[in-house]
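No lab work stands behind these numbers, since they all come straight from the coordinates. Keep in mind that this is a model prediction, so the values were computed, not measured. Every residue, glycine among them, receives a Cβ derived from its backbone with ideal geometry; neighbour counts consider all protein chains shown.
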């Protein structure tokens, strides 16, 4: 009889997953373990069915005028979705009323901005970058004069090297541009063929041709100023900025400061620092020192 009782308990345990049989009491107890094969499989979680899209509550315009832009944007998006779902004239009209409110809000901000710019010309780019054609031509000529004078003053301290290859068609286009730079500034420029001097390309990490590099004589400083074909104005401007950086006349944050723009509207540091100090930003690009043999 004890044998029959044990057999019944074993059959009951196998046939009813998720329960255990207590031999002493003959009662079943819930087995909290869940798993694969002989454990109880977890029940699927019931998913909430999405309800009908609720109609957004649009406050009076006087109250809406006190809302922040993110809150207004959220209301407009909700009303758009609601209108696109129900497709009623009333819902669509409410959406466009909200859009009209946002348009007028933006127009008001633009109007106040114009007053602020007139009262604070130092915040207005027109004070440093005129839109009138004749004034822009005058400004461009002034910048060219400042840039050329600066580059000529440091012609003996720096030089340009253009790395090329015999099969590089773009190199034949870029080289006359580099030579024009020499004519305009009095700098020494050198063309190095990487097919004939591959070790030089490895030394300076140059593989793409044409690559035009600024070097500082007798120094480990150098900087690429053009990769591929670059127009003369861009080459001159990039070289001007690179020289100022290598000489310590500007910080990296001021690299886009053009001729005559120091301490002005387009100087990133004109009104104080824009980031926490970082010693790494003060390091100029380095390379192996340039020797006399590298500049024939």
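Full extension of the segment from residue 109 to residue 155, taken as 0.36 nm per residue of separation minus the current Cα-Cα distance, would add 11.6 nm. Here, the stretch 228-276 is characterised by an Rg to Rh ratio of 1.02, where Rg is the alpha-carbon radius of gyration and Rh the Kirkwood radius. Ordering 90, 253, 261 from the fewest to the most neighbouring beta carbons within 10 Å gives 90, 253, 261.
Return 139, 118 ranked ascending by Cβ neighbour count within 10 Å, so the fewest neighbours appear first.
Fewest to most other Cβ atoms nearby, the residues stand as 118, 139.
Whole-Å semi-axes of the stretch 61-119's equivalent ellipsoid, largest first, each the root of 5 times a Cα gyration tensor eigenvalue? If you can, show how the numbers build up before the last one.
Working: eigenvalues 160, 23, 15 Å².
Taking √(5λ) for each eigenvalue gives 28, 11, 9 Å, largest first.
Ordered by the count of other Cβ atoms within 10 Å of each Cβ, fewest first, 240, 150 give 150, 240.
One chain, two ends: residue 140 and residue 73. Fully extended at 0.36 nm per residue, the span grows by 19.9 nm beyond their Cα-Cα distance.
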